[in-house]
1. Residue by residue through the stretch 41-68, note down the ones that are open to solvent by 90 Å² or more (accessible area, probe 1.4 Å) and of a type in the set (A, V, I, L, M, F, W, C).
2. Could you grab the pairs with beta carbons closer than 7 Å, sequence gap of 6+ or different chains, first residue in the stretch 44-59 and at positive phi, second one part of a helix (DSSP H, G or I) and open to solvent by less than 100 Å² (accessible area, probe 1.4 Å)?
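The values are calculated or read from the model by the stated rules, or taken from the named source; none is laboratory data. The shown structure was predicted, so the numbers you read here are calculated from the model rather than taken from an experiment. Cβ atoms come from the backbone with ideal geometry, glycine included; neighbour counts cover every protein chain shown. Accessible surface is based on the protein model in full, side chains and every heavy atom, while ligands, DNA and RNA are left aside. Shrake-Rupley method; radii C 1.70, N 1.55, O 1.52, S 1.80 Å.
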Amino acid sequence: MNPSSGSLYGYFGMAFGFGILILGVIVAIVVTIQKSKTNRLETQNAMSTNLEDEFRKLTGSFSVMQHEIKDRQDKSSEELSQIRTRIEKIEKILSEVD
């Protein structure tokens, strides 16, 4: 065997070892990046869910307020109608007195 071929296998072995080491570092970096992206997405999803809940509560309270406003408008319209009727009666009485 040639003495230079032994050192050649040594260099290949070292290169293989460095290759495995570099591959391990790359895998560790990719796993770390993916975990951070997953955590970020989970956080955004939780925030989005909270916002949806707030919007649901807001629309519910808005609906209740709309019904209350409509009821008040109906009541005001009825009272206004009664006032008109009373004014017409008062005008009629005043015209009869003259």
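1. Of everything in the stretch 41-68, those that are open to solvent by 90 Å² or more (accessible area, probe 1.4 Å) and of a type in the set (A, V, I, L, M, F, W, C) turn out to be L41, M47, L51, F55, L58, F62, M65.
2. none
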